[in-house]
Each structure stands twice: as structure tokens, then as C-alpha cells.
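See structure below.
The values are calculated or read from the model by the stated rules, or taken from the named source; none is laboratory data. Just so it is clear, the structure is predicted and the values come from calculations on it, not from any experiment. The protein model used for the area step is the full one, side chains on, heavy atoms only, and it has no ligands, DNA or RNA in it. Shrake-Rupley method; radii C 1.70, N 1.55, O 1.52, S 1.80 Å.
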Amino acid sequence: RPATLNIPGAELAMDSDRMLSATTLPKSIAIIGGGVIGMEFASILNAFGVTVTVLEYCPEILPGFDEDVAKRLRMSLKRRGVSIVTGGDIDNTRMYRKLYGEKQGEKHRRRDGTDRRGPTRRVARGA
């Protein structure tokens, strides 16, 4: 079973099971987790023309794998247009700016009561 996210807006996320049964593709997607499943989805969705951003907590994608393999995959996906943000949690400012830019899109209320702006996007997460 896919893991459950403990972040604001987690109820809007699509796990891998839901993503596999989707009948339409999103225009863009943020994939939380740069492990094997997340990177598979990033590659597949990118090949179908979806704008993909991968958010990984660790300093490199594919944590626990050979560093050279992870680096080669990261570079290959970047050449194909996949955006990869590593080294921070989901509420990290750098990740937020990468996803939403500065003050663009719809207003979203966070659990702590503060507001943030950003487009409504589908989010898939690897397990």
C-alpha cells in the first residue's frame, strides 16, 4: 500500500493506485518522492507530455541506490524537461517557489492559518 502523507492538502494527493486508474492526464503534476515509483511515474508522465516536478527530501533521487545511477537518471530526466528539487521537505520555501512561483495562482489556507498562493495541481506520491 502507498504511504499516507501527513501534510496540509494531503487529501488532494493521488497515490500510485489512483494515478494508474486515472482516465485523464493532468497538465502538470508534482510527484512527492524521488524513489523508484516516483521516478517511474515522472518518466512515464513526461513522455505523455505532462509537465513534471519531482520533490525529494533526500539530497539525491533514488536514495539508497548507487550515486552514479541516480545522477545519470537525474540528468537524463532533466534533459527531457523534468524538474527535480532535492534536499528539503514539502513546506520548504525553495520547493514551494519551484512549484508555485512568487504569489501566483489561487489562495490556499494552510493548517497554521497562514495563506499561500499557487495553482491547484494534482500531486502523485511514490511509496
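Brief remarks on what is shown
- Once Rg and the Kirkwood radius are both taken over the C-alpha atoms of the stretch 7-87, their ratio Rg/Rh works out to 0.96.
- Ordered by solvent-accessible area of protein heavy atoms (1.4 Å probe), largest first, the residues PHE65, PHE41, PHE48 come out as PHE48, PHE65, PHE41.
- Residues with amide H under 5 Å from that of ILE32, placed H, sequence gap 5 or more: LEU55, ALA124, ARG125, GLY126
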